[in-house]
Amino acid sequence: MSFKTLDPQDFLVSADSITAPCWTNYSNPITSLYTSSVQVAGTSGNYYLNVYNADPSTDTSSEIQFNIAYGNINGSGSLLYDAGINGLSPSRTIYGQFRNLIYGDENTQFSFSSVTPSQQDFYSITIDRARFKESLFPGSLNLTLYSASKTITLTDNSLDTTTITYCDAGRVFQIVSGSNGTAVSTANSALGAVSNGMTISGSYGLFLPDIGTIILNAPALDLVHASGGIALNTLRTSNTNVANPVRLYSTGSGTRGLTTGSFSSSFSLNSNETITSDFVFCRARNAEFNYTENPSFISGSTGAVLYDLFINSPTTYITTVGMYNDSNELLAVAKLSKPLKKDFTKEALIRVKLDF
């Protein structure tokens, strides 16, 4: 075993960005969507819905791809926790949960434009943590929603904007009608239109890549107008379970939301991950590492080298590189795929890559 102190120029730090489809088996767009009939029939299905890549009732390998939730600042669309406390319901809790996560302020309301500074409700699509790794990749969102014969394809506006906006949840982009990060036109809002007694304007929602979340402007989706909307017809009945998440996923006949009967490949999205690597260049120059300390080469009685060939023409074989700290503690080991022959006529450069 031989040791050598590494020089500062022997170290290099590199960062690579890796982009891949979010969904299981890296399919993009996702080709099938399923929900759990147990969850849909249960209490949580009224305000929260997991979406799988396979039927969880028949396929044990099915995995959650994302979930859908509905939030309402007034608590409408779900039953009250306690009939004696007005407004406190799961939909209000969801509204507050995402408000704190995104804005970091329990008093701020969601806003999708400066004209209408607050909106009372939204849908959230949260990508499962295992699917998006570090973050979502801006410009990769393509989400098609259906309602009867109406269709709208949504994307983020990351390629149209020159200034990135930030919030407590990191980067935030507007969701617009278009594809691959570009709006289909500048007319992607619903200025002046009225839905459920409210004047609606602004984008179709917020794209938050750093927390893997899509916030959809429910009133804007309820509209039907020249620049978009699909007449989703969100139900906002007070103190009543109306299962809005199921409504966004699809109606019973599969004519609204993410699905149209048999799923129509309408949701594509990529994840983005930065892999940081340390490269260590271990150099064995021609005059180094040519001798061995193996005791079988040394006479136990005289201490002389047993083989003359090893004196005149020494040869060794490098098999392992060990990384030690200043306290002589072994930190990492790199094994070569095959022994590397070394003598005075050869030099070796071994690159060690440490990923983290």
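The values are calculated or read from the model by the stated rules, or taken from the named source; none is laboratory data. All values reported here derive from a predicted model rather than from experimental measurement. Positions of Cβ are backbone-derived with ideal geometry, glycine not excepted, and every protein chain shown enters the neighbour counts. Note: accessible area is taken over every heavy atom of the protein model, side chains too, but ligands, DNA and RNA are not part of it. Shrake-Rupley method; radii C 1.70, N 1.55, O 1.52, S 1.80 Å.
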Over all alpha-carbon pairs in segment 272-356, figure out the percentage whose distance exceeds 17 Å.
61 percent
Where does helix 90-103 land angle-wise versus the long Cα axis of the chain, in degrees 0 to 90, nearest 10?
50 degrees
Bins of 5 Å, beginning at zero and ending with the bin holding the largest distance: percent of Cα pairs per bin for segment 1-125, please.
2, 9, 13, 13, 12, 11, 11, 8, 5, 4, 4, 4, 3, 2, 1, 0
When you have a sec, figure out the Kirkwood radius of the chain from all distinct Cα pair distances and drop it here in Å to one decimal?
24.4 Å
Run the reach check for residue 4 against lysines, Cα to Cα strictly under 23 Å, same-chain hits fewer than 8 apart removed. What comes back?
335, 338, 341, 342, 346, 353
Spin-label pair residue 82/residue 296, simplified geometry with 7 Å Cα→Cβ offset, distance in nm:
8.0 nm
State to the nearest 20 debye the size of the charge dipole of the chain about its Cα centre, where the only charges are +1 on K and R beta carbons and -1 on D and E beta carbons.
640 debye
Counted charge near residue 237, where neighbours are those whose Cβ lies closer than 15 Å (Asp, Glu -1; Lys, Arg +1):
+1
Quick check: pseudo-label points 7 Å beyond the Cα along Cα→Cβ at residue 353 and residue 335, how many nm apart are they?
1.8 nm
Once Lys and Arg get +1 and Asp and Glu get -1 on their Cβ, which of 108, 75, 57 lies farthest toward the positive end of the dipole of segment 44-126?
108
Mean accessible surface per residue for segment 71-156, computed with a 1.4 Å probe while every protein chain stays in place, in Å²
42 Å²
In percent, what relative contact order does segment 46-134 have, based on Cα pairs under 8 Å that are 6 or more apart in sequence?
28 percent
Computed on alpha carbon atoms, what radius of gyration and Dmax characterise segment 295-335, expressed in Å?
15.2, 37
Carbon + sulfur, % of accessible area of segment 1-107 - ligands and nucleic acids excluded, 1.4 Å:
51 percent
Interchain or long-range residues, amide H under 5 Å from residue 238's placed H:
77
Distance in nm between residue 165 and residue 318 label points, each 7 Å along Cα→Cβ, equals 5.5 nm
